[in-house]
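Step one of this worksheet: look at the structure below.
The values are calculated or read from the model by the stated rules, or taken from the named source; none is laboratory data. Everything quoted here is computed from the prediction, not taken from an experiment. Neighbour counts are summed over all protein chains in view; Cβ atoms, including those assigned to glycine, are modelled from backbone coordinates with ideal geometry. Surface areas here come from the heavy atoms of the whole protein model, side chains and all, with no ligands, DNA or RNA. Shrake-Rupley method; radii C 1.70, N 1.55, O 1.52, S 1.80 Å.
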Amino acid sequence: MNAENFGSNQEHEIEIIEIMKKFGKYQKVQYFYACLAAFFITMIHINYVFVAGDINYRCRVPDCENQYAVYNATWWPNSTIDRCTRPKLKEDFVVGQTCTNESFTDGVEECTDWVYETNNTVIATLNLACQPWKSNLIGTFHNVGILFAMLMSGWLIDRFGRKPILIICSVGSCIGNLKAFTSSYYAYVFIEMLEATINGGTNTAAVVLMIEIASKNRILAGVLLAYATYMGELTFACIAMFVPYWKDLIRIIYIPPIIFIFYIFLLNESTRWQILNGRTEDAKNILLRISKVNNIKISKQKLANINEEDLKKQFKIENYEHKESFRDLLKSKEILKRVLVGAFCRFTANFIYYGLMLNSVYLPGNKYTNFMLSTVISFPGELISMYLMNRIGRKLPMMYGYFICGLLCVASAWIPEGRVWLKISLFLFGKLLVSVCFTGVVTYSMELFPTSVRGTLLGVCAVAARTGSIIAPLTPILNTVFPVLTSMFFGGFAIIAGALLTLMPETKDLPLMDTVEQIERSTKLREKRKRYLSTKGEESKYLFDVA
């Protein structure tokens, strides 16, 4: 980059590093682009909730109807018959005779063909009647694809940059349009998993980009991305309410992501990533652009002449970071305990969050309204989580959040179906609390691990969290076994998670530990202090505080 292109202006100039500390118009625009991608990708991530949703169907009786049969047949017997068996005709029934309510015995026989009330979901198109495991596996395969994406996306965004991966993942989601042209179940679930594998890295790239372009607004980045996600869920439910036919719904949510190809010109790469990867000239150009957009006066001459090493020093980017071995982790009982508890809590939060979201459509009342209510109730969860964790601490809000969520889930299961609003209210308050835990446990688990292995251990917890998301779509099957079983599972896992958190330390206002050794030393000191206080009383507290 030529120095003459920069010019010089000495009036009220600030240091180069200060460019990234101001949250101005540049950051707002880039945040909008990142959140817009998350908004559309969220609709795709939950498409199976309505696209593969249950519909009414009954067994076909060939002797009473032709290929153009209707669901509400006037001759269907008055006795209650489950939808996976068909009523048995009387022995004296003559083929060609008109069927009536009296043409059937009290017996039933195996059903091999079905009549669907509508073709609004893939249940009818793929003929998945009486195969709930197949329809629920669609959501599971989608989340398996996201798990694959999470395992790869971290390396990809570090290797090739945040911007290209976000664009490729977003635009690549358009492959989901192929689902509208398939009539094979196995082809359908393959495409479902493939598009999730491609677009699953979008949110990872978006949040990393948002954090790196405004390092002092990390919490804001997480909250805004979460709100973009919730808006995607809410918008999808509204669209599904007015466009129930699954093929039309797929086209509406899978075609728009093609616009993200224009991010090649609109979105900028993270300057921190560019500096770290030796793209100094590109970083300088973006820093200059940020200063112009945010109206920041800098020494353009100094920016033009600064070399790579000095630029790294300005941004406090180290070329080497100490890494502890996997053996060090295995030898530390405290680290293993934290990993197990953190992973279980992340698993539980995702399992319950997505499980409640999916099961909301089975509550009494309109399934679209219930789904929207379960989404809207998540909005205050982010703010509540931030307030409690900053005001009270990390451990207690998480612990009581899990406990109360578990109790509400169990209570809602035993409320009679007739008390619709009481049942829905308990369900929604449980969803609110798990939203608090869903957000809070990510921050808390990050603070539990040392810097040297934080990325690795957070990856373990992320895999556990995604495993919870994979299992969640299968929970509606439990309703066919015993109606309260699903909620009991949610409640049980939440209560266990709350109990496990009693084993964890509080991390509010404490410095982040950098090594396993520091955590071990801190743990031993804390245990020694507890033993001393239990034997000598509160008077001894002063000695440890001074020490």
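Within the range 431-443, residues that are of a type in the set (Lys, Arg) sit with their Cβ atoms under 7 Å from residues that are surrounded by fewer than 24 Cβ atoms within 10 Å (Cβ to Cβ), at 6+ positions apart or across chains, in these pairs: LYS431/ILE377. On inspection, GLU117 fails the criterion of being farther than 17 Å from PHE50 by Cβ and not small (Gly, Ala, Ser).
Between SER385, SER374, the distinction of being open to solvent by less than 20 Å² (accessible area, probe 1.4 Å), at pLDDT below 85 and part of a helix (DSSP H, G or I) belongs to SER385 only.
Number of residues in the range 388-398 that are open to solvent by 20 Å² or more (accessible area, probe 1.4 Å), hydrophobic (A, V, I, L, M, F, W, C) and within 23 Å of the chain's Cα centre (by Cα): the value is 1.
For ILE258, indicate whether it is under 19 Å from ILE165 (Cα atoms), open to solvent by 40 Å² or more (accessible area, probe 1.4 Å), of a type in the set (Val, Ile, Thr) and assigned to a helix (DSSP H, G or I). Steps first, please.
Numbers: under 19 Å from ILE165 (Cα atoms): yes; open to solvent by 40 Å² or more (accessible area, probe 1.4 Å): yes; of a type in the set (Val, Ile, Thr): yes; assigned to a helix (DSSP H, G or I): yes.
Yes.
Put simply, of ASN72, ASN120 the only residue that is part of a loop (DSSP other than H, G, I, E, B) and exposed (fewer than 12 other Cβ atoms within 10 Å of the Cβ) is ASN72. Note on the range 355-380: residues that are farther than 22 Å from GLY139 by Cβ and within 16 Å of the chain's Cα centre (by Cα) total 1.
State whether the residues of the range 191-210 include one that is farther than 20 Å from HIS45 by Cβ and either touching a helix residue (DSSP H, G or I) at 6+ places or on another chain (Cβ under 8 Å) or not in a helix (DSSP H, G or I) (or both). Please lay out each step first, then the result.
We begin by selecting, within the range 191-210, every residue farther than 20 Å from HIS45 by Cβ; these are none.
Scanning the range 191-210 turns up no residue that is farther than 20 Å from HIS45 by Cβ and either touching a helix residue (DSSP H, G or I) at 6+ places or on another chain (Cβ under 8 Å) or not in a helix (DSSP H, G or I) (or both).
Of the helices (runs of 4 or more DSSP H) contained entirely in the range 439-547, those carrying at least 2 residues that are open to solvent by less than 90 Å² (accessible area, probe 1.4 Å), modelled with pLDDT under 70 and over 21 Å from VAL144 (Cα atoms) fall at 454-471, 516-536, 541-546. Per this entry, CYS130 is counted among residues that are closer than 30 Å to GLU195 by Cα and open to solvent by less than 50 Å² (accessible area, probe 1.4 Å).
In the range 87-117, how many are open to solvent by 50 Å² or more (accessible area, probe 1.4 Å) and out of contact with any helix residue (DSSP H, G or I) (no Cβ under 9 Å at 6 or more places or on another chain)? The total comes to 17.
State yes or no: is ILE404 at pLDDT 85 or above and out of contact with any Ser or Thr (no Cβ under 9 Å at 6 or more places or on another chain)?
Numbers: at pLDDT 85 or above: yes; out of contact with any Ser or Thr (no Cβ under 9 Å at 6 or more places or on another chain): yes.
Here the answer is yes, as ILE404 does meet what is asked.
Among the candidates CYS64, CYS59, CYS99, which residue alone is within 30 Å of ILE138 (Cα to Cα) and in contact (Cβ under 8 Å) with a residue 24 or more places away in the chain?
Going through CYS64, CYS59, CYS99 in turn, the sole match is CYS59.
Is it the case that some residue within the range 347-363 is free of Cβ contacts under 8 Å to residues at least 60 places away in the same chain and buried (at least 18 other Cβ atoms within 10 Å of the Cβ)? There is no residue in the range 347-363 that is free of Cβ contacts under 8 Å to residues at least 60 places away in the same chain and buried (at least 18 other Cβ atoms within 10 Å of the Cβ).
Being closer than 22 Å to PRO476 by Cβ and either in contact (Cβ under 8 Å) with a residue 60 or more places away in the chain or in a helix (DSSP H, G or I) (or both) narrows it down to one residue among ASN143, ASN177; which is it?
Details: ASN177 fails: closer than 22 Å to PRO476 by Cβ.
The conditions single out ASN143.
Enumerate the pairs (first residue in the range 191-216 and closer than 13 Å to GLN27 by Cα and of a type in the set (Val, Ile, Thr); second residue anywhere and outside any helix (DSSP H, G or I) and open to solvent by less than 40 Å² (accessible area, probe 1.4 Å)) with beta-carbon separation below 7 Å, excluding pairs fewer than 6 apart on the same chain, so at least 6 apart or on different chains. Correct list of pairs: ILE213/SER270. Starting from residues that are assigned to a helix (DSSP H, G or I) and more than 14 Å from ILE16 (Cβ to Cβ), keep the ones in the range 267-291 and report whichever is least open to solvent (accessible area, probe 1.4 Å). Among those that are assigned to a helix (DSSP H, G or I) and more than 14 Å from ILE16 (Cβ to Cβ), it is TRP273.
Does the range 200-208 contain at least one residue that is at pLDDT 95 or above, open to solvent by less than 40 Å² (accessible area, probe 1.4 Å) and out of contact with any Pro (no Cβ under 6 Å at 6 or more places or on another chain)? No, the range 200-208 contains no residue that is at pLDDT 95 or above, open to solvent by less than 40 Å² (accessible area, probe 1.4 Å) and out of contact with any Pro (no Cβ under 6 Å at 6 or more places or on another chain). Collect the residues in the range 270-307 that are free of Cβ contacts under 8 Å to residues at least 60 places away in the same chain and touching a Leu at 6+ places or on another chain (Cβ under 8 Å), keeping them in residue-number order. ILE275, THR280, ALA283, listed by residue number.
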